[in-house]
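Every number here is computed from the coordinates shown, using simple stated rules; none is lab data. Since the model is a prediction, treat every value here as computed from it, not as a measurement. Methodologically, a virtual Cβ is constructed for each residue, glycine included, from the backbone with ideal geometry; neighbour enumeration extends over all protein chains shown.
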Amino acid sequence: MDTGEFKKELALFKNPKSFFEKNEKAKMSEGLQKRLDEPALIYAKEQGERIYEMYNEVLDQELLAIQKEFKTEVSDIFAGLRAALEETVDLPYYENAVAELAKMHSK
């Protein structure tokens, strides 16, 4: 926007006395307000859309990172559980150890 677009509103200023004493400043203020409302709304809408797109992209990236992290954690948990289930134990060794501990405790 340039000052040429505000010729009508700026023409309301004839001299300082009438501008302040005859309330021409209020008329100019109203004219400028009306003139700037639409461009301001358009600008706010465009910037809102730009911010929405930017944060939507950032949110998508963060969600993918969290999803990847959780997949890794779940995979590690199941690997640990599988290893525990597949582990072979020398059961007679532990039974003998329990029996010896019971003998030592009963003495």
query: Summing -39500 (n - 2.57) over the DSSP H runs of n ≥ 4 in the chain and dividing by its residue number, what mean residue ellipticity at 222 nm do you reach, to the nearest 500 deg cm²/dmol?
result: -29000 deg cm²/dmol
query: Near Lys71, which aspartates and glutamates are there with a Cα under 20 Å away, not counting those fewer than 8 places off in the same chain?
result: Asp60, Glu62
query: According to the Cα gyration tensor, what semi-axes, each the square root of 5 times an eigenvalue, does the equivalent ellipsoid of the stretch 3-106 have, listed from largest to smallest in whole Å?
result: 85, 18, 6
query: By how many degrees, between 0 and 90 and to the nearest 10, does the Cα long axis of helix 24-86 differ from the longest principal axis of the chain?
result: 10
field: Phe70 versus Ala44: modelled label distance in nm, points set 7 Å from Cα along the beta carbon direction
entry: 3.7
query: Between the stretch 49-107 and the stretch 1-17, how many Å separate their Cα centres?
result: 73
statement: Taking Cα atoms, the helix 91-106 axis meets the longest principal axis of the chain at an angle in degrees (rounded to 10) of 80
